[in-house]
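Single-structure report; data block below.
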Amino acid sequence: MAKKVVVVGGGSGGLVAARMVQTEATRLGGDIDVTLISASEKHYMPPLWSEVALGTASPEETWAPIKNAERAYGFKVVVDPVKAFDLPGKKVTTEGGQTFDFDYLVIALGTAYGWSDYKGLDKYGYHNYSEEGALELKKALSTYKGKKVVFLVPELPFRCGIYPPEMAMNVRAYLENRGVHPEISVLYPADAIRMALGEGLDRFFKRRFKRHNIQYHAGFGKLLEVTENKIITENGEFEYDLLIKSPPSRLPKVLADNGLAHPGDPRWSVVTGPRFQHPDYDYVYLVGEHAMPPVGLLTAGVPVHNAAVIAGASILSDALGGYMIPSYGDTLCMGHSFESGFAGNCEYWWIPEEGKWGHACYTVATGPMVRLMKDSFYRGWLDALR
């Protein structure tokens with residue numbers, strides 16, 4: 001009888017895991033039945049939302065139909081949000097009333113946003129962490145003629161660690177092209193901009209900030225309130241006339257409602273060990289952004305991709321026997337500052353006594369070619385589903 005693999009989540013983590021298990025099982029002649037359950041019919045590439053905000057991409061360019069994965073990769077796709085997980089009984093139930101049995105379960109549900117967890121943060125400012133948000137930011141930037149732009153990181157860790165400095169440099173170029181020259185500042189709660197990416201990228205961003213006249217304010221401590229024109233922290237106040245904010249990451253509601261919150265920090269999900277497994281059910285893998293910080297990783301697409309590969313290989317090894325399980329791979333992180341780009345590389349190793357991944361990161365390359373590589377990867381990923 002075929003082994004049943006259910007993957008919950010139609011983002012990059014879910015797609016990578018489902019694709020790997022199905023394509024490798026088919027190649028090896030293994031009897032595995034893969035079903036991916038997505039809450040949305042759209043498979044998004046969220047980094048392209050910054051391009052929407054800057055006017056260099058349309059909303060239609062940021063997604064592809066997740067159903068097309070059936071034709072492209074051979075697994076079944078169900079569009080119906082999951083409502084309940086029965087891990088001991090190995091069942092998943094959707095809001096539409098469908099029930100799916102599984103032998104292996106992969107959960108990759110990204111993160112939710114806690115905008116309302118800080119006073120005024122949900123009311124004031126713009127962001128491009130959704131299609132709607134990107135369009136609102138695009139409108140605000142296209143008419144902006146003010147004097148003070150502030151990028152706010154409310155807390156750590158946060159989604160996509162390079163975003164604020166990357167977008168600050170892009171906004172500087174965008175506004176200067178329109179003849180607008182405001183003061184631009186990045187507010188960061190910690191004492192360094194390293195964002196777990198290492199001293200090499202820390203130095204790189206500081207040099208670029210100096211070159212582009214972007215102020216960096218580190219160590220503001222706790223965010224207390226956001227008003228119509230001011231950010232109030234425990235270590236100072238900062239005025240603005242355009243606020244661009246990053247969202248506080250929170251555990252998706254369906255995971256919190258089903259007892260999957262991490263006991264040490266309910267913003268994240270339970271997860272353990274180098275294979276991203278549930279601590280009590282080793283046939284359950286958690287590879288979404290919600291599972292990265294507890295094992296020392298960033299909440300971003302590249303760590304999720306690596307985690308999904310490890311989960312997929314682990315399932316293949318257990319179900320078919322003899323399949324090699326890779327260690328967590330070195331990662332290349334790419335960003336851009338309008339016409340140019342930058343790439344940083346991180347090496348990882350598992351630290352058993354800490355239950356986390358250690359890492360060392362360094363800058364690899366800068367220049368326009370890196371920007372082209374990044375853009376080609378995102379668009380090529382979506383083109384595979386079109």
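Tabulated data
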| item | result |
| --- | --- |
| Length added when fully stretched, LEU156-GLU136, from 0.36 nm per residue minus Cα-Cα | 4.7 nm |
| Relative contact order [Cα under 8 Å, 6+ residues apart], the chain, whole percent | 18 percent |
| Calculated diffusion of the stretch 234-386, Stokes-Einstein form, Kirkwood radius summed over Cα pairs, 25 °C and 0.890 mPa s, µm²/s | 137 µm²/s |
| Ratio of Rg to Rh over the stretch 59-190 (Cα coordinates, Kirkwood Rh, two decimals) | 1.09 |
| The stretch 1-84: antiparallel DSSP beta bridges as a percent of all, rounded to 5 | 25 percent |
| DSSP beta bridge pairing in the chain, given as percent antiparallel to the nearest 5 | 55 percent |
| Principal-axis tilt of helix 131-143 within the chain, Cα atoms, nearest 10 degrees | 20 degrees |
| Nonlocal amide H pairs with GLU239, under 5 Å, H built at 1.01 Å | ILE231 |
| Stokes-Einstein diffusion coefficient of the stretch 181-269, Kirkwood radius over Cα pairs, 25 °C, 0.890 mPa s, in µm²/s | 158 µm²/s |
| The chain - mean residue ellipticity at 222 nm from DSSP helices (-39,500 (n - 2.57) per run, n ≥ 4, rounded to 500) | -9000 deg cm²/dmol |
| Filter on LYS42/LYS145; LYS119/LYS374; LYS42/LYS83 - keep pairs with C-alpha separation over 26 Å | LYS42/LYS145; LYS119/LYS374 |
| GLU234 versus LYS222: modelled label distance in nm, points set 7 Å from Cα along the beta carbon direction | 0.4 nm |
| Partnerless Cys - the chain, beta-carbon criterion under 4.7 Å | CYS160, CYS333 |
| Nearest 10 degrees, 0 to 90: helix 12-28 Cα axis against the chain principal axis | 30 degrees |
| Two-site FRET efficiency, ASP257 against SER40, from Cβ-Cβ distance with R₀ of 30 Å, rounded to 0.05 | 0.95 |
| Residues listed by number, the stretch 266-302, amide nitrogen under 18 Å from MET324 label point at 7 Å toward C-beta | none |
| Gain upon complete extension [GLN98, ARG178; 0.36 nm per residue less C-alpha separation] | 23.6 nm |
| Loop GluC sites (Glu not before Pro), the stretch 318-355 (other Cβ atoms within 10 Å of the site Cβ: 16 or fewer; DSSP) | GLU339, GLU353, GLU354 |
| Whole-Hz ³J(HN,Hα) from phi, Karplus 6.51 cos²θ - 1.76 cosθ + 1.60, for the stretch 305-313, glycine and proline x | 4, 4, 5, 5, 5, 5, 4, x, 5 |
| Accessible area (Å², 1.4 Å probe, nearest 10) - ARG386 | 110 Å² |
| Potential extension, PHE377-THR23 segment - 0.36 nm per residue separation minus Cα distance | 125.4 nm |
| Gap separating the Cα centres of the stretch 320-383 and the stretch 102-144, nearest whole Å | 23 Å |
| Heavy-atom accessible surface of the chain: percent carbon and sulfur, 1.4 Å | 50 percent |
| Solvent-accessible heavy-atom area per residue, rounded to whole Å², over the chain at 1.4 Å | 42 Å² |
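The values are calculated or read from the model by the stated rules, or taken from the named source; none is laboratory data. Please read these numbers as outputs of a predicted model, since none were measured by experiment. Backbone-built Cβ (ideal geometry, glycine too); neighbour counts: all protein chains shown. We work out accessible area using only protein heavy atoms, side chains counted, and drop any ligands, DNA or RNA first. Shrake-Rupley method; radii C 1.70, N 1.55, O 1.52, S 1.80 Å.
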